[in-house]
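Contents: one structure, followed by commentary.
The values are calculated or read from the model by the stated rules, or taken from the named source; none is laboratory data. Here the structure is a predicted model, which means the values were calculated and not measured. Here the Cβ positions follow ideal geometry from the backbone for every residue, glycine too, while neighbour counts run over all protein chains shown.
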């Protein structure tokens with residue numbers, strides 16, 4: 001069960017905003033047993049959003065697709081309209097979401113945060129979603145809803161781009177209903193100080209051949225002078241065997257690990 005993320009926003013592609021959403025989702029999905037195949041950041045361009053969503057739908061390895069961002073009240077928020085085109089569904093006003101937004105606007109007006117209690121066109125944009133959703137999630141920290149669609153045997157989750165809202169919808173609504181019961185990958189790490197990464201090359205090639213289902217990577221940190229060797233896979237026995245092979249062979253090379261996890 002592989003997943004993908006489509007992160008929408010000119011601010012991401014232009015380098016103005018760090019994409020912390022994808023980083024957070026990647027960790028959560030790995031722990032929940034739905035690891036990522038890829039993360040793609042694209043601009044707020046309808047044609048590009050449509051093209052990318054269709055590319056994800058055409059990938060036979062994917063079961064879950066997460067589209068993040070572009071659900072707000074301004075004209076540059078184009079994800080829902082683009083998704084409707086990609087899925088071949090009309091945009092509709094989702095009444096439950098419209099009513100929730102209306103109640104929120106009235107509360108904000110009563111608190112002196114808005115000049116008028118009436119819904120604006122911008123407010124209504126957030127309630128217009130592609131038709132026939134499998135479920136519309138509540139957003140307790142904002143107005144734009146989270147939504148899930150079923151298409152071509154895949155689940156497409158649409159989440160707001162504001163990090164606090166995305167995390168709230170994901171953990172409170174989406175995760176317990178749609179992602180529970182998965183098997184998380186096993187991760188083992190060895191950490192070396194002042195180790196030369198290139199010396200691990202023959203060993204890592206050998207590990208790739210002996211344990212093809214275990215992902216083995218080396219990650220140097222030039223500031224701390226630490227080198228991390230990480231093994232990851234669904235078969236915990238294979239992962240344990242692979243990391244033990246690294247421990248044993250590195251010791252033979254005089255590079256005993258400082259710590260493991």
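Here are some notes:
- Filter result for residue 103 (free of Cβ contacts under 8 Å to residues at least 12 places away in the same chain and part of a helix (DSSP H, G or I)): yes
- Among the candidates 14, 9, the residue that is surrounded by fewer than 15 Cβ atoms within 10 Å (Cβ to Cβ), out of contact with any strand residue (DSSP E or B) (no Cβ under 7 Å at 6 or more places or on another chain) and at pLDDT 95 or above is uniquely 14.
- Enumeration of residues in region 131-165 that are closer than 26 Å to residue 59 by Cβ, surrounded by fewer than 17 Cβ atoms within 10 Å (Cβ to Cβ) and touching a helix residue (DSSP H, G or I) at 6+ places or on another chain (Cβ under 8 Å): 131, 135, 152
- Complete set of residues in region 216-227 that are buried (at least 17 other Cβ atoms within 10 Å of the Cβ) and either out of contact with any helix residue (DSSP H, G or I) (no Cβ under 6 Å at 6 or more places or on another chain) or farther than 22 Å from residue 35 by Cα (or both): 227
- Residue 58 being at pLDDT 95 or above and under 30 Å from residue 234 (Cα atoms): yes
- Candidates 40, 120 - the one that is touching a strand residue (DSSP E or B) at 6+ places or on another chain (Cβ under 6 Å), farther than 21 Å from residue 134 by Cβ and surrounded by fewer than 18 Cβ atoms within 10 Å (Cβ to Cβ): 40
- Condition met for residue 210 (more than 27 Å from residue 1 (Cα to Cα) and surrounded by fewer than 18 Cβ atoms within 10 Å (Cβ to Cβ)): no
- Single condition residue 194 does not satisfy, out of (1) over 15 Å from residue 31 (Cβ atoms); (2) surrounded by 13 or more Cβ atoms within 10 Å (Cβ to Cβ); (3) in contact (Cβ under 8 Å) with a residue 24 or more places away in the chain: (2)
- Test result for residue 162, modelled with pLDDT of 95 or more, touching a strand residue (DSSP E or B) at 6+ places or on another chain (Cβ under 9 Å) and either under 30 Å from residue 44 (Cα atoms) or assigned by TED's automatic domain parsing to the domain that holds residue 28 (or both): no
The rows are residues; the columns are (1) in a loop (DSSP other than H, G, I, E, B); (2) free of Cβ contacts under 8 Å to residues at least 12 places away in the same chain; (3) farther than 25 Å from residue 64 by Cα; (4) within 19 Å of the chain's Cα centre (by Cα).
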residue: 109; (1), (2), (3), (4): no, yes, yes, no
residue: 124; (1), (2), (3), (4): no, no, yes, no
residue: 139; (1), (2), (3), (4): yes, no, no, yes
residue: 168; (1), (2), (3), (4): no, no, no, yes
residue: 178; (1), (2), (3), (4): no, no, no, yes
residue: 182; (1), (2), (3), (4): yes, no, no, yes
residue: 190; (1), (2), (3), (4): no, no, yes, no
residue: 198; (1), (2), (3), (4): no, yes, yes, no
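- Taking (1) farther than 16 Å from residue 158 by Cβ; (2) without any contact (Cβ under 8 Å) to a residue 40 or more places away in the chain; (3) not in a helix (DSSP H, G or I) in turn, residue 59 satisfies each apart from (2).
- Selection status of residue 168, buried (at least 18 other Cβ atoms within 10 Å of the Cβ) and out of contact with any strand residue (DSSP E or B) (no Cβ under 7 Å at 6 or more places or on another chain): yes
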